[in-house]
Amino acid sequence: MSESNGTLSIGEASIELPRLEATVGQPALDISRLRADSGHITFDPGFANTAGTRSAMTYIDGASGELRHRGYAIEDLAVHCNFLEVAYLLMYGKLPNQAELAVWEHDISTHTMLNEEMRSFFDAFPRRAHPMAVLSSATNAISTFYDVYRRPTRSIEIDAGARTLIAKLPTIAAWAYKKSIGEPYIYPDNRLSYVENFLHMMFARPVEDVVIDPAVVKALNVLLILHADHGQNCSTATVRSVGSSRANMFTSVAAGMGALWGPLHGGANQSVIEMLQEIHDDPDATIQSTIARAKDPDDDFRLMGFGHRVYSNYDPRARILSSFAEDILDRMSTTDPLLEIARELEAAALADDYFASRKLYPNVDFYSGTIFRALGFPLRMFTVLFAIGRSPGWIGNWMEMNTDPETKIIRPRQLYVGEPARDFVPLENR
Ligand code: CMC
């Protein structure tokens, strides 16, 4: 037996669990033979201790608060790259050189239009529909227009699908927004960069163009980069779960969007602002009463934008966003009372033993909303912005899974706690 392997004793039996090395970070114990060899399964709610896959995309050191994509620190990528460069890095494993980036940006800019029949699809939703529901439905619907993306097998088709999806998401997102405010849909303008084009489709009107501020373009690039990937989070695990049945990329990503929408995941960016707004508007909701509610075991309220499954330290994305929020407000020559409340709330939580002892710190969603607000985005679009940012992570994971010989359909076991076998009771005797 290798001394680096693990050994599990169950009664008299001793089972060797091979140790699998990571390039950096925690090694794993391979339990894939455990059930066959011991008749036991493992119990791990939320898969908090379980790696379901190998991945070479993103490394997180939760204890020290480090995040790297393909080995590069998030701090460097956020400062030096645009969003499409980081998307290429995540999906293809290397930073593009100038020629590769030019081709990549050109390819994406020429796939931004939606099939015209999609207009009636958007028209069919009620005005009040949440744009996350529209985004997810429309992402799924795109595959119905392109036969080749329904079940792509060759890598050239998969690449084309990935490009198409990245290209069309801003158009879908902007049209979902336009639908919600009753304004005409704005078509993409392929002379613009990815982020400029999105801003154009969001904020231009047929009667007046929009002046795109380069500071807003830069800021939105940074925000999208900070959301681009984050290991096997709930939505990415969903994309992999759906994709493991060999469902197509569009359907898998649409399912991931559903997972992202929840307030414990990407929906937290909307919930944070709602929480801060309540403190601002409601005299009974103070910083201290909000902290007290979050600590109360009988109240299911949580301090939104705080805590993380992987980080037991400050989320590095929140660290970047915390100082970035101030810069953006300065550049926009504006102030936001909600940012002041967020700062006070953070200070109060970090000084409180409940949060300190559980190592709960601000996460990416705590400050992102104040920046989205400053850039002019409406609250209901915040999680949609997260989704556009996360798209390279979802697609990259789908692609990685698709070429991984270890991929198996995701099908966890359960610990059955229901009735044992019992005699059937005919209807008339019940
Ligand atoms: N407010 C109050 N208590 C909290 C919070 C919070 N935000 N987060 C965790 N706790 C407590 C929790 O009650 C538990 O306490 P106890 O040990 O007494 O039972 C302890 O801390 C551990 O929490 P957990 O629920 O076991 O941790 P988890 O890893 O399952 O949950 C989380 C992670 C992100 C869902 C959770 O921290 C949370 O609900 N945060 C608020 C929602 C949020 O901001 N979500 C965004 C996550 S980051 C970006 C993203 O993924 O989208």
At R0 = 45 Å, FRET efficiency that the Cβ-Cβ distance of I410 and A215 yields, to 0.05:
0.55
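Just reorder I273, I409, I320 by solvent-accessible area, largest first, 1.4 Å probe, all chains present. Mind showing how you got there, number by number?
On the way: I273 5, I409 110, I320 35 Å².
Largest to smallest exposure gives the sequence I409, I320, I273.
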Carbon and sulfur atoms: what percent of the 1.4 Å accessible area of the range 131-193 do they account for?
52 percent
Please give, to one decimal in nm, the separation of the simple spin-label points placed at E100 and R205, each 7 Å out from Cα toward the Cβ.
4.4 nm
Name the residue farthest towards the positive end of the dipole of the chain from the options C234, A325, N221, assuming +1 on Cβ of Lys and Arg, -1 on Cβ of Asp and Glu, about the Cα centre.
C234
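Count the lysine pairs in the chain whose Cα atoms lie under 26 Å apart, taking only pairs 8 or more positions apart in sequence or on different chains.
On the way: K94/K168; K94/K218; K168/K178; K168/K179; K168/K218; K178/K218; K295/K359.
Step by step, the pairs that qualify in the chain add up to 7.
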Rounded to a whole number, what % of the accessible area of the range 220-371 do carbon and sulfur atoms account for, probe 1.4 Å?
50 percent
What whole-number distance in Å separates the alpha-carbon centres of the range 1-69 and the range 167-241?
39 Å
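In Å², and per residue, what accessible area does the range 1-122 have when probed at 1.4 Å with the other protein chains present?
Details: 7490 Å² over 122 residues.
It amounts to 61 Å² per residue over the range 1-122.
Taking 8 Å as the Cα distance limit and 6 or more residues as the minimum spacing, I'd like the relative contact order of the range 116-246 as a percentage. Each step should come with its number before you reach the end.
Values: 86 pairs, mean separation 24.1, N = 131.
Reported relative contact order: 18 percent.
Could you size up the charge dipole of the chain around its Cα centre, putting +1 on the beta carbon of Lys and Arg and -1 on that of Asp and Glu, and report it in debye to the nearest 20? Walk me through the intermediate numbers first.
Details: 40 positive and 54 negative charges, 250 e Å.
Magnitude of the dipole: close to 1200 debye.
I'd like the projected area of the range 206-329, averaged over all directions, using the convex hull of its alpha carbons. Report it in nm² with one decimal.
Numbers: hull surface 47.7 nm².
Mean orientational projected area (the range 206-329, Cα hull): 11.9 nm².
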Given GluC sites (Glu not before Pro), DSSP loops and at most 16 other Cβ atoms within 10 Å, the longest exposed-site-free stretch of the chain is 118-405
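Residues of the range 232-293: accessible area per residue at 1.4 Å, in Å²?
Solvent-accessible surface per residue comes out at 39 Å².
How do T7, T23, T236 stack up against each other in accessible area, from largest to smallest, with a 1.4 angstrom probe?
Largest accessible area first, the residues go T23, T7, T236.
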Pairwise centroid distance, computed over Cα atoms, of the range 376-392 with the range 400-430, Å
36 Å
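How do C234, C81 rank by accessible surface area computed with a 1.4 Å probe, from largest to smallest?
Values: C234 80, C81 15 Å².
Per-residue accessible area, sorted high to low, gives C234, C81.
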Given 10 °C, 1.306 mPa s and a Kirkwood radius over Cα pairs, the Stokes-Einstein diffusion coefficient of the range 307-430 in µm²/s is 84 µm²/s
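Over the chain, what is the mean sequence separation of C-alpha contacts under 8 Å (at least six apart), divided by residue count, expressed as relative contact order in percent? Please report the intermediate quantities before stating the final value.
Numbers: 574 pairs, mean separation 82.1, N = 430.
Normalised by residue count, the contact order of the chain is 19 percent.
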What is the helix-to-structure angle for 83-92, meaning the angle in degrees between its Cα long axis and the longest Cα principal axis of the chain, kept from 0 to 90 and rounded to the nearest 10?
30 degrees
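So with the 1.4 Å probe, I'd like the accessible area per residue for the range 296-404, rounded to whole Å².
Values: 4260 Å² over 109 residues.
Heavy-atom accessible area per residue stands at 39 Å².
Tally up the carbon and sulfur contribution to the accessible surface of the range 1-40 as a whole percent, 1.4 Å probe, everything protein left in place.
Using a 1.4 Å probe with all protein chains present, the range 1-40 comes out at 48 percent carbon and sulfur.
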On the full set of protein chains, 1.4 Å probe, figure out the accessible area of S289 and give it in Å² to the nearest 10.
40 Å²
In degrees, nearest ten, helix 268-281 long axis to first principal axis of the chain (Cα)
60 degrees
Expressed in square angstrom to the nearest 10, the accessible area of Y416 with a 1.4 Å probe stands at 140 Å²
Kirkwood Rh in Å, taken over the chain so that all alpha-carbon pairs contribute:
23.5 Å
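The values are calculated or read from the model by the stated rules, or taken from the named source; none is laboratory data. On a predicted model such as this, the values are computed, not experimentally measured, just so you know. So basically every Cβ, Gly included, is an ideal-geometry build from the backbone, and we count neighbours across all protein chains shown. Just the protein is used for accessible areas: all its heavy atoms, side chains included, with ligands, DNA and RNA removed. Shrake-Rupley method; radii C 1.70, N 1.55, O 1.52, S 1.80 Å.
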